[in-house]
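Have a look at the structure below, then the notes.
The values are calculated or read from the model by the stated rules, or taken from the named source; none is laboratory data. Every value quoted in this text rests on a predicted model; they were computed, and no experiment measured them. Heads up, the Cβs are rebuilt from the backbone with ideal geometry, glycines too, and the neighbour counts pull from every protein chain shown. When the accessible area is computed, the model is the full protein with side chains, heavy atoms only, and any ligands, DNA or RNA have been set aside. Shrake-Rupley method; radii C 1.70, N 1.55, O 1.52, S 1.80 Å.
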Amino acid sequence: MFSKEEDKMVDLGFNSISEGFDEGVNKALNFLTEIGTCYLNERKEPEAEKMVVSIKEIGKAATLQRMENAAVNAIRALEKLLQRSMEQNMQNTTVRVLLSFGAIGKTAAEQQMEMVARLAASVLGKSGNTLALLNKERETIAVVIGLGEIGKSVARMKFPDLSENTAICISCLGYVGKLTAQKSLEEAAVGVELMLQEMAAAAMQENLQDTVRSIASSIEEVGKNAGEENMENVVIQAASALQTIVSNAGNRYLNDASIAAKVALESFNEFDMINDEANIKKIEAIREMMRALWADSK
């Protein structure tokens, strides 16, 4: 249950969006951030998560109304809560904040608000690097989901092939993927490859050949790093993703992308990996876990 003052401020945020009143939105965001920080300091995680959800919903609503400043301020408010939740080692809140960046960024991409989508992706990329280095796997997976959802939405908006936002999502996912492979965070590394594969599928639907080529290169790099660490499932998923791209790109006459993916796939010939039923089940379990996390964040 929210307090009366919290309810009042949430209502102020949404009403101010309806009226196009930035100052009212910012007042609500500042209040919710301050209260959320207090809850985190007191380790009241359920209450803190409610503040995160309210800020996320205000951010999404502002984006749908094309109120860029309000959407940016919602992301900045969530950044403050992210920093405090990480300091307090409160995993559930951290995951919820990270997925909230993805939700706002995805909405922004769908509204073709490039700056807001780019900010959300950049914040996620930076956070992912930090979390991977700290061996925070579940939190890193949340980053990967958020980046992938933004990236898929950017691709579907038919921006010029390999737009700046698409490149940022691919680059951030690739770098987080390399770090997770190096830190032996298997589920997170497989998650990166799964999201890159889904981005490639979205890009192929729009015939974005350069985007698909870039994704294939990132998948190859993550897989090769994983191979050096003997992470069988990650290598298998990399090969599987590349094989899917080879086939689907060829079917859509994206010949350059298909050839690039085929060349990347050949780099895994040196790895002696057996794709048995256990590997398939493990990878599918990771996919389902990621889908459940994202669905729970909506």
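Distance between the 7 Å Cα→Cβ label points at S171 and N207: 2.8 nm. Equivalent-ellipsoid semi-axes for the chain (Cα gyration tensor, √(5λ), whole Å, largest first): 36, 22, 13. If only the Cβ of Lys and Arg carry +1 and only the Cβ of Asp and Glu carry -1, the dipole of the range 214-298 around its Cα centre is close to 480 debye.
Between K8 and E270, how high is the FRET efficiency from 1/(1 + (r/R0)^6) when r is the Cβ-Cβ distance and R₀ = 41 Å? Nearest 0.05.
Values: r = 63 Å, r/R0 = 1.54.
About 0.05, to the nearest 0.05.
Between the alpha-carbon centres of the range 175-244 and the range 112-169 there is a gap of 15 Å.
Kindly identify the range 225-298 as rounded, prolate or oblate by the Cα gyration tensor criterion: order the square roots of the eigenvalues as a ≥ b ≥ c, call it rounded if a/c is under 1.5, otherwise compare a/b with b/c, prolate if a/b is larger, else oblate. In terms of gyration-tensor shape, oblate. Counting only protein heavy atoms and a probe of 1.4 Å, the accessible surface of the range 28-137 is 44% carbon and sulfur. Ligands, DNA and RNA are left out, and with a 1.4 angstrom probe the accessible area of the chain is 43 Å² per residue. For q = 0.19, 0.23 Å⁻¹, what log10 I(q)/I(0) does the range 98-200 give under the Debye formula with an equal point scatterer on each alpha carbon and no solvent? Cα-only, vacuum Debye calculation for the range 98-200: -0.77, -1.08.
Peptides 71-80, 261-270 ranked from most to least packed, by the mean per-residue count of other Cβ atoms within 10 Å: 71-80, 261-270.
Note on E42 and Q65: the extension gain reaches 4.8 nm, defined as 0.36 nm multiplied by sequence separation minus the Cα-Cα distance. Past the 30 Å Cα-Cα mark, which pairs from K80/K281; K80/K136; K224/K282; K50/K183; K8/K136; K152/K262? Checking Cα-Cα distances, K80/K281; K50/K183; K8/K136 exceed 30 Å. Surface composition of the range 148-298: carbon and sulfur make up 45 percent of the accessible area, probe 1.4 Å. Using the Cβ-Cβ distance between A285 and N92 with R0 set to 25 Å, the FRET efficiency from 1/(1 + (r/R0)^6) comes to roughly 0.75.
Taking 17 Å as the cut-off, the amide N atoms of the range 66-100 that come nearer than this to a point 7 Å along the Cα-to-beta-carbon line of E23 belong to 69-70. In the chain, the longest principal axis of the Cα atoms and the axis of helix 137-156 are about 80 degrees apart.
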